[in-house]
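I have placed the structure first, in the form of structure tokens, so that the comments after it can refer back to it.
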Amino acid sequence: MTTVGQTPAQTGLVTPRRLVGAATLIGLLLATVALVSRTSGPVQRSTVVGASTPTQADASAIDSPSQVSASDPVSRIGELEQTVKTSPTDGKSWQSLAGAYLRRAFETADPSYYLLTTNALDRTESILGKTVEVHVLRANLMLALHDFTGARTEADAALAIQPTSFDATVALTDAMIETGDYTSASELIATLVDFRPGVASLSRLSYFRQLTGDILGAEAAMRAAISAAPAESIDRAVALAYLGEIQLERGVVDPADRSFTEALRLNPASPVAAIGKAHVQAARLDWASAITTLDDLVEQTPAPGAFGLRADIARATGDAAGARAADQLVDASMALLKSNGATVDADLAMLLADRGPSSAPDALKAAAQAYADRQTIFTNDAMAWALAQSGRTGEAVPYAEAALMTNPQVASIHWHAAVIFDAQGDRKRAARELTAAMRNPAFSPSQAAAVRAMAQRYGLKS
């Protein structure tokens with residue numbers, strides 16, 4: 001373990017060749033994007049990769065009958081690619097291939113699967129027409145790309161054809177949450193749980209409870225989702241990774257570590273579990289292990305969340321050069337996601353704002369675009385934090401208040417609010433939000449010193 005107070009550079013932990021390797025991978029994937037966008041046929045996948053999934057909606061393929069599940073998903077994709085090569089008018093096989101690509105995208109967050117999914121869906125639709133299954137798959141693809149309004153449109157179209165479609169209702173629920181329609185989402189979640197209390201419905205119940213202040217209820221629902229998942233399955237791995245995130249928000253680090261470890265055993269490509277594991281290691285000041293975990297991930301795929309945490313650790317340990325290198329890879333990986341059709345404004349705004357005042361103008365621009373698209377807990381938080389990092393805490397107050405409106409159990413939101421209220425001299429609200437943020441000791445290595453300093457000023461035990 002790194003000695004406390006030593007930077008990665010001082011202990012030989014900075015591995016520039018590994019970051020160069022990640023940069024090379026980004027370049028190769030960008031070239032792949034150009035290739036895939038010019039072909040309507042399948043592209044053989046020979047490498048399993050993983051990346052960060054920023055929202056619960058990205059797991060919308062979980063327990064979804066319209067998606068393809070296989071013990072060896074890469075082999076299944078290969079089989080389907082061979083089938084459509086020999087039978088190019090087999091619409092059902094094209095549909096299955098689109099589902100397999102999309103499922104693989106959810107499991108690994110490799111952005112190159114998004115264009116593969118789009119191409120396969122286009123071929124499916126040209127043969128079968130706009131079926132319920134096509135609309136549902138497009139809705140789930142749009143959720144992955146963070147086109148939440150488009151996802152809602154596609155889910156509604158599926159339900160117009162088949163009002164009882166469970167898969168379409170799941171997709172619509174995710175779209176409602178991600179567009180800030182929490183009341184409608186709550187009603188649909190109750191319907192889903194009543195109709196089919198499996199992984200899909202219970203994991204969404206868990207997420208909704210977390211966003212609305214019930215962290216213990218969120219954990220209970222996710223444990224129920226794990227119990228409902230088949231043993232040794234990818235669905236179980238995803239639910240375990242989300243359980244680990246909930247446990248971190250509760251401040252129980254050791255149980256979170258066990259959840260992430262088991263998720264990685266079931267799915268070594270899980271980006272959520274790998275990044276969660278790195279958060280645990282950073283919380284323990286085990287910088288070497290955290291960096292190794294993140295570097296192992298980004299050597300396989302350009303994961304913005306992993307690069308962002310890598311940069312955060314570098315800032316926390318005084319490694320300015322390492323932070324700049326990781327920040328450059330964040331920018332490149334975001335460009336890669338955009339080139340695959342993803343909307344990244346809200347995520348980009350937070351990653352930029354976390355760099356500090358120098359990046360605040362770009363953060364504010366991205367946050368404003370995200371907020372214009374949809375008003376949610378997270379876009380309000382993005383606006384609040386970008387304004388705060390710009391020195392405009394007075395303007396940030398209403399956005400911070402809106403981000404807190406449902407009492408989300410997300411430490412970073414409470415920390416941003418604490419900083420803003422403190423700057424405005426509102427000690428009562430600052431102390432309350434600081435206390436809430438401190439429940440999760442792992443949310444941001446680079447902010448840990450500031451959290452401790454504010455806690456000391458307020459006489460709170462950190």
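The values are calculated or read from the model by the stated rules, or taken from the named source; none is laboratory data. In this text, all values refer to a predicted model and were calculated from it rather than measured experimentally. Positions of Cβ are generated from backbone atoms using ideal geometry, with glycine treated the same way; all protein chains shown enter the neighbour counts.
Structure summary
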quantity	calculated
Residue match in region 226-241 (condition: among the polar types (S, T, N, Q), in a helix (DSSP H, G or I) and more than 20 Å from Glu107 (Cα to Cα))	no
Any hit, region 241-258, residues being without any contact (Cβ under 8 Å) to a residue 60 or more places away in the chain and within 23 Å of Val74 (Cβ to Cβ)	yes
Considering residues of region 213-260 that are out of contact with any Ser or Thr (no Cβ under 8 Å at 6 or more places or on another chain) and among the β-branched types (Val, Ile, Thr) only, the residue farthest from His279 (Cα to Cα)	Ile226
Residue in region 79-117 that is surrounded by the most Cβ atoms within 10 Å (Cβ to Cβ), counting only those that are small (Gly, Ala, Ser) and part of a helix (DSSP H, G or I)	Ala98
Options Ala430, Ala449, Ala442: the member that is modelled with pLDDT of 95 or more and not basic (Lys, Arg)	Ala430
Some residue of region 359-366 being surrounded by 21 or more Cβ atoms within 10 Å (Cβ to Cβ), within 21 Å of Ala323 (Cβ to Cβ) and free of Cβ contacts under 8 Å to residues at least 24 places away in the same chain	yes
Selected residue (only one of Gly78, Gly99 is out of contact with any Cys (no Cβ under 9 Å at 6 or more places or on another chain), within 29 Å of Ser227 (Cβ to Cβ) and at pLDDT 80 or above)	Gly99
Wholly enclosed helices (runs of 4 or more DSSP H) of region 258-359 bearing at least 1 residues closer than 18 Å to Leu248 by Cβ	271-283, 287-298, 304-316, 345-353
Meets criteria (modelled with pLDDT of 95 or more, under 19 Å from the mean Cα position of the chain (by Cα), closer than 22 Å to Ala237 by Cα and crowded, with 17+ Cβ neighbours inside 10 Å) for Ala218	yes
